[in-house]
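The values are calculated or read from the model by the stated rules, or taken from the named source; none is laboratory data. As the structure is a computational prediction, the values presented were derived from the model and not from experiment. When we count neighbours, we look across all protein chains shown, and the Cβ atoms used for this are built from the backbone with ideal geometry, even at glycine. In case anyone asks, the SASA skips ligands and DNA or RNA and just uses the protein heavy atoms, side chains included. Shrake-Rupley method; radii C 1.70, N 1.55, O 1.52, S 1.80 Å.
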Amino acid sequence: ISKGAFHHCTVLALKSFPDGLKSIGKDAFSGCTSLTHISLPTTLVHVGAYAFHGCKLLTLDTLPEGLKDVGECAFWECESLALTHLPNTLTTIGMQAFSGCLSLSLDCLPDNLTVVSEGVFWGCTSLTHISLPDGLTIIHDHAFRECRLLVINSLPEGLKYIGASAFKECMSMLG
């Protein structure tokens, strides 16, 4: 699905995508405020930047195994997105990809993820306990900022960098 294909189609009511779909382009569904529950095909490998930005009612059962990258701000402000799992095939999650996803309640990050991008989970107030992958080396600025209920029991051995305000206002992490 190409860049901006359905951008700001506020009454769009898709329920599923065609089998064989590999990529959802930049801004493809950005601002489609009527999108609610959709199913993504198992063949999907790429979700572009801002692809579903501002789809406040959007819910997904899951992101498909086989998905490799989620672009910058792809699900930004998808307040109803209540994913509990990200596929282990996911190696890249762009800046602020899930920022403002108030219902997101992941229990772990993908095993192959080595970098948590800037602001990726900023304001995800439903994140509670999350396990970080052993191969994680970088947590960028504001990565988990304002995740007020977040508790992380341990940091990976190979972690080399934690950015500014990465855990700012994560009140549950205070001793």
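Applying the condition of being open to solvent by 40 Å² or more (accessible area, probe 1.4 Å) and either modelled with pLDDT of 95 or more or assigned to a strand (DSSP E or B) (or both) to segment 114-133 and asking which residue is farthest from G71 (Cα to Cα) yields H129. Checked against the criterion of being surrounded by fewer than 23 Cβ atoms within 10 Å (Cβ to Cβ), out of contact with any Pro (no Cβ under 9 Å at 6 or more places or on another chain), among the aliphatic types (A, V, I, L, M) and in a loop (DSSP other than H, G, I, E, B), the candidates L155, L136 yield just one match: L155. Please work out if T62 is surrounded by fewer than 17 Cβ atoms within 10 Å (Cβ to Cβ), in contact with a Gly (Cβ under 7 Å, 6 or more places away or on another chain) and in a loop (DSSP other than H, G, I, E, B). Answer is no for this residue. Residues that are assigned to a loop (DSSP other than H, G, I, E, B) and either open to solvent by less than 70 Å² (accessible area, probe 1.4 Å) or touching a Gly at 6+ places or on another chain (Cβ under 6 Å) (or both) within segment 15-32 comprise F17, G20, L21, G25, K26, D27, A28, F29, S30, G31, C32, listed in sequence order.
Residues are listed down the side, and each one gets a yes or a no for (1) on the phi > 0 side of the Ramachandran plot; (2) assigned to a loop (DSSP other than H, G, I, E, B); (3) of a type in the set (D, E); (4) touching a Cys at 6+ places or on another chain (Cβ under 7 Å):
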site: K3; (1), (2), (3), (4): no, yes, no, no
site: T10; (1), (2), (3), (4): no, yes, no, yes
site: A13; (1), (2), (3), (4): no, yes, no, no
site: T42; (1), (2), (3), (4): no, yes, no, no
site: G54; (1), (2), (3), (4): yes, yes, no, no
site: G66; (1), (2), (3), (4): yes, yes, no, no
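Can you confirm whether A166 is touching a Phe, Trp or Tyr at 6+ places or on another chain (Cβ under 8 Å) and in a loop (DSSP other than H, G, I, E, B)? Against the criterion (touching a Phe, Trp or Tyr at 6+ places or on another chain (Cβ under 8 Å) and in a loop (DSSP other than H, G, I, E, B)), A166 qualifies. Taking the criterion of being over 14 Å from L127 (Cβ atoms) and either modelled with pLDDT under 95 or crowded, with 22+ Cβ neighbours inside 10 Å (or both), the only residue of segment 95-110 that qualifies is Q96. Whenever a residue of segment 154-175 is within 19 Å of S126 (Cα to Cα), its partners that are among the acidic types (D, E) and surrounded by 12 or more Cβ atoms within 10 Å (Cβ to Cβ), lying with C-beta atoms within less than 7 angstrom and at least six residues away or across chains, give the pairs S165/D141; A166/D141; E169/E146.
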